[in-house]
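See below for the structure under consideration.
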Amino acid sequence: MNAIGAYFSPSGGTKRACELVGGLFDAKEYVNLGGRTRAQRNFSKDELLVLAVPVYAGQMPAVPGLLDGLKGENTPCVILATYGNRHYDETLAQVKRILGEQGFRCAGAAAVITPHIFAPTLGEGRPDEKDTTVLEQFVQGVKEKLAEENWAEAAVPGNPNPPPKPAVPVKKDRDWDTCLGCAICAKACPTEAMDLKTLMWADDKCISCMSCVSACPTGALGFNSSLLAQKLTANFSARREVETFLEG
């Protein structure tokens, strides 16, 4: 079975998790769901989608149409929710519902810890060797399931239709002396919250994903999340483990 990875990964952690699990399925193709234009990919029933999305405030990123370009044909999929050691909450259930409406069947799902974008000491170095061992066992379980003729979709926890949550407000800054005015940051913004000409942010569209900060070629953009990081670190420093879901 031909495996294809797909990810939304503004800071790189979700991409690494997708490539780790995708590599265990011998995936050779990866689809980047970031940027202003939604990627398009049709999948046959003989392919496998390995999809990874980060958790924002307990849900999948509030990017309009983020997964709309992925179309299946009774295609098996593996769903990865990556998060910074707090919780994945509704994300797996939410993504499973959306993919189900687009022709996919969930063979397995996993919640994987990666560095928190606003408090990078949370999830630092994850996924690590222990996580990789768990994920290797998980992938083997998915492969065995897919070898069965009539396999049941994996059940996942959470609310598949959670009410929308506002984005976490994080102040961003720009060093205009360093800025090239190239608009790479604005083109990387998945919600079109940055104006391509003025390069300013529209707060009502910004989801604080920091795609703009990660994309800047000169490091002219930055953000200050020190107060949020203190709160997160104080409450969520205890190590959480990878959770996997295979049974129906």
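Below is a table of values for the structure above.
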{"quantity": "Region 144-174: number of residues that are assigned to a loop (DSSP other than H, G, I, E, B) and more than 25 Å from Ala215 (Cβ to Cβ)", "calculated": "18"}
{"quantity": "Candidate set: region 175-215, residues that are free of Cβ contacts under 8 Å to residues at least 60 places away in the same chain and of a type in the set (Lys, Arg); chosen: the one nearest to Ser11 (Cα to Cα)", "calculated": "Lys205"}
{"quantity": "The listed residue being within 28 Å of Gly69 (Cβ to Cβ), in a strand (DSSP E or B), at pLDDT 95 or above and of a type in the set (Lys, Arg), out of Arg105, Arg97", "calculated": "Arg105"}
{"quantity": "Pairs where the first residue, in region 4-29, is more than 24 Å from Ser44 (Cβ to Cβ) and hydrophobic (A, V, I, L, M, F, W, C) and the second is modelled with pLDDT of 95 or more and assigned to a helix (DSSP H, G or I), C-beta under 8 Å, 6+ apart", "calculated": "Leu20/Thr132; Leu20/Leu135"}
{"quantity": "Filter result (within 18 Å of the chain's Cα centre (by Cα) and among the small types (Gly, Ala, Ser)) within region 185-214", "calculated": "Ala188, Ser208, Ser211, Ser214"}
{"quantity": "Residue check for Lys143: over 19 Å from Pro190 (Cβ atoms), in contact with a strand residue (DSSP E or B) (Cβ under 8 Å, 6 or more places away or on another chain) and either buried (at least 24 other Cβ atoms within 10 Å of the Cβ) or not polar (S, T, N, Q) (or both)", "calculated": "no"}
{"quantity": "Every residue from region 110-141 that is out of contact with any Ser or Thr (no Cβ under 9 Å at 6 or more places or on another chain) and not in a loop (DSSP other than H, G, I, E, B)", "calculated": "Glu129, Lys130, Asp131, Thr132, Thr133, Glu136, Val139, Gln140"}
{"quantity": "Subset tally (residues that are surrounded by fewer than 17 Cβ atoms within 10 Å (Cβ to Cβ) and of a type in the set (A, V, I, L, M)) for region 154-169", "calculated": "2"}
{"quantity": "Some residue of region 46-53 being surrounded by fewer than 22 Cβ atoms within 10 Å (Cβ to Cβ) and either in the same structural domain as Gly123 (by TED's automatic domain parsing) or in contact with a Leu (Cβ under 6 Å, 6 or more places away or on another chain) (or both)", "calculated": "yes"}
{"quantity": "Neighbours by Cβ (under 8 Å, 6+ apart or cross-chain): first from region 35-54, of a type in the set (A, V, I, L, M); second modelled with pLDDT under 95 and not in a strand (DSSP E or B)", "calculated": "Leu48/Met1"}
{"quantity": "Selection count, region 76-99, where residues are out of contact with any helix residue (DSSP H, G or I) (no Cβ under 9 Å at 6 or more places or on another chain) and either within 16 Å of Ala152 (Cβ to Cβ) or not basic (Lys, Arg) (or both)", "calculated": "12"}
{"quantity": "Failed item in (1) farther than 15 Å from Cys209 by Cβ; (2) buried (at least 22 other Cβ atoms within 10 Å of the Cβ); (3) out of contact with any Phe, Trp or Tyr (no Cβ under 6 Å at 6 or more places or on another chain), with Gln59 passing the rest", "calculated": "(1)"}
{"quantity": "Flag if Thr244 is over 22 Å from Thr121 (Cα atoms), in contact with a Leu (Cβ under 8 Å, 6 or more places away or on another chain), among the β-branched types (Val, Ile, Thr) and surrounded by 14 or more Cβ atoms within 10 Å (Cβ to Cβ)", "calculated": "yes"}
{"quantity": "So Thr75, is it closer than 22 Å to Gln140 by Cβ, β-branched (Val, Ile, Thr) and not assigned by TED's automatic domain parsing to the domain that holds Lys205", "calculated": "yes"}
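Table: residues versus (1) surrounded by 20 or more Cβ atoms within 10 Å (Cβ to Cβ); (2) modelled with pLDDT under 95.
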site	(1), (2)
Cys77	yes, no
His116	yes, no
Pro120	no, yes
Gln137	no, no
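The values are calculated or read from the model by the stated rules, or taken from the named source; none is laboratory data. Remember, it's a predicted structure, so these values are computed and weren't measured experimentally. Every residue, glycine among them, receives a Cβ derived from its backbone with ideal geometry; neighbour counts consider all protein chains shown.
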